[in-house]
Amino acid sequence: GEEPKLVLYVFLGFTAITSIICQIGDLFESYIKRKLEIKDSSDLIPGHGGVFDRFDGMIFASVFVVLSILVWFVIA
């Protein structure tokens, strides 16, 4: 019936929102580096913008996912 379609639509919407938030995290970290006039967040991975550049979007997205799980399964 309609239940599998609804689950699919919710999953696709959640995935789209999560990917947008991941991009926002990346842009936010780049904004901070520009304001501080820093090219790389560390020297641990040379030429890659630093370690934080590898995880900045994932940090934002993981916070969103955890909060979403809490709201969906615990609070609701």
Q. Just a yes or no: is a residue in the range 55-66 at pLDDT below 85, out of contact with any Lys or Arg (no Cβ under 7 Å at 6 or more places or on another chain) and open to solvent by 70 Å² or more (accessible area, probe 1.4 Å)?
A. yes
Q: Evaluate the range 25-47: report whether one residue or more is open to solvent by 60 Å² or more (accessible area, probe 1.4 Å), touching a Lys or Arg at 6+ places or on another chain (Cβ under 9 Å) and modelled with pLDDT of 75 or more.
A: yes
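The values are calculated or read from the model by the stated rules, or taken from the named source; none is laboratory data. Quick caveat: nothing in here was measured; it's all calculated off a predicted structure. Quick reminder, even Gly has a Cβ in these numbers, built from the backbone with ideal geometry, and neighbours come from all protein chains shown. Ligands, DNA and RNA are stripped out before the accessible areas are found, and what is left, the full protein with its side chains, is counted by its heavy atoms. Shrake-Rupley method; radii C 1.70, N 1.55, O 1.52, S 1.80 Å.
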